[in-house]
Amino acid sequence: MFTKTAYSRYKRELTQEIKKGPIPKHIAMIMDGNRRYAAEYLDGDGNEGHRKGEEKIEEMLEWCLDLGIRYVTVYALSTENFKRDKDELDFIMELSETALHRMADSKKIHEKKVKITVFGDRSTLPESVREAIQYAEEKTADYSDFRFSVAMAYGSRQEIVAAVKDIAKKVANKELDVEDISEETFSKHLYTSDIPDPDLVLRTSGEVRISNFLLWQLAYSELYFADVYWPGFRYIDLLRAIRSFQQRIRRYGE
């Protein structure tokens, strides 16, 4: 265990170390472990686990902004999460609505010129959440220095199927020739068409899987699995992930 002084020194030295190397342009995060964190540290209060998880998102985004990471994408709610208990889902929706409004009004978001976007099947979300998404996106629409993207009501397989359908319709309507379909064409039909693919995909909680997240986009991403629940994720955990990224050689199949 670190003492407070030792932790501060380690954090400072690690920050200096990673700033000497290449910083990922785009980090995507699978934020896992809210409920297990609640079970172990919050007397089983699942709602409080989700609340602390949401607070960690905003804290983590500040870290990334300070490090100059231009694109940050978080997996907030999967299509599979809709199978959860109604009371839990209602709380998550309420939490998301409040968080979107708060972030859209955040002084730092506007100082850093962060564009907020949400992608996924919005039709499955409550109207109040859709309105909060619209509010956040409109308030930050003119920014381009940083991008914070939230995958909500999202599933990568579903996204890929939707892209295939869109392309098939264009072929049927003679708007697109089959021979002109390429990887670039396909990418342009995904939710993430206007942002680069992730350099680094980070998952918390110790689970080693992707869980239907950005399956097309992470083809050449570096993967990092942190053995810590999302609400307990620390700045040094982010720094360690970036250090691991810097120590790898990205060959892209060559």
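The values are calculated or read from the model by the stated rules, or taken from the named source; none is laboratory data. These numbers were taken from a predicted model, which means no experiment stands behind them. Neighbour counts are summed over all protein chains in view; Cβ atoms, including those assigned to glycine, are modelled from backbone coordinates with ideal geometry. We work out accessible area using only protein heavy atoms, side chains counted, and drop any ligands, DNA or RNA first. Shrake-Rupley method; radii C 1.70, N 1.55, O 1.52, S 1.80 Å.
Tabulated data for the structure shown
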{"quantity": "Surface share of carbon and sulfur [accessible, 1.4 angstrom probe, percent] for the chain", "calculated": "47 percent"}
{"quantity": "Pairwise FRET efficiency - residue 244 versus residue 207, Cβ, R0 = 22 Å, nearest 0.05", "calculated": "0.80"}
{"quantity": "Separation between Cα centres of region 83-162 and region 165-202, rounded to whole Å", "calculated": "23 Å"}
{"quantity": "Length gained when the stretch residue 39-residue 131 is fully extended (0.36 nm per residue, less Cα-Cα span)", "calculated": "29.9 nm"}
{"quantity": "Tail beyond 16 Å, pair distance distribution of region 30-79 (Cα, percent)", "calculated": "46 percent"}
{"quantity": "Percent RCO, i.e. relative contact order, over region 133-254, from Cα pairs under 8 Å lying at least 6 residues apart", "calculated": "21 percent"}
{"quantity": "Estimated 222 nm signal from helices in the chain, with DSSP H stretches of n ≥ 4 weighted -39500 (n - 2.57), rounded to 500", "calculated": "-14500 deg cm²/dmol"}
{"quantity": "Relative intensity, log₁₀ I(q)/I(0), of region 48-116 from a Debye sum that treats every alpha carbon as a point, q = 0.18, 0.22, 0.26 Å⁻¹", "calculated": "-0.76, -1.03, -1.27"}
{"quantity": "HN-Hα J in Hz across region 112-117 - Karplus 6.51, -1.76, 1.60, θ = phi - 60°, x for Gly and Pro", "calculated": "8, 6, 8, 8, 9, 9"}
{"quantity": "Computed E for residue 13/residue 185 - FRET, C-beta separation, R0 35 angstrom, nearest 0.05", "calculated": "0.15"}
{"quantity": "Net length gained if the chain between residue 174 and residue 157 were fully extended (0.36 nm per residue, minus Cα distance)", "calculated": "3.5 nm"}
{"quantity": "Rg in Å to one decimal, and Dmax rounded to a whole Å, for region 1-89 via C-alpha atoms", "calculated": "16.4, 47"}
{"quantity": "Cα-based Rg of the chain normalised by 2.2 N^0.38 Å, two decimals", "calculated": "1.05"}
{"quantity": "Nearest-20 debye value, region 75-217 charge dipole, Cβ charges on Lys, Arg, Asp, Glu", "calculated": "180 debye"}
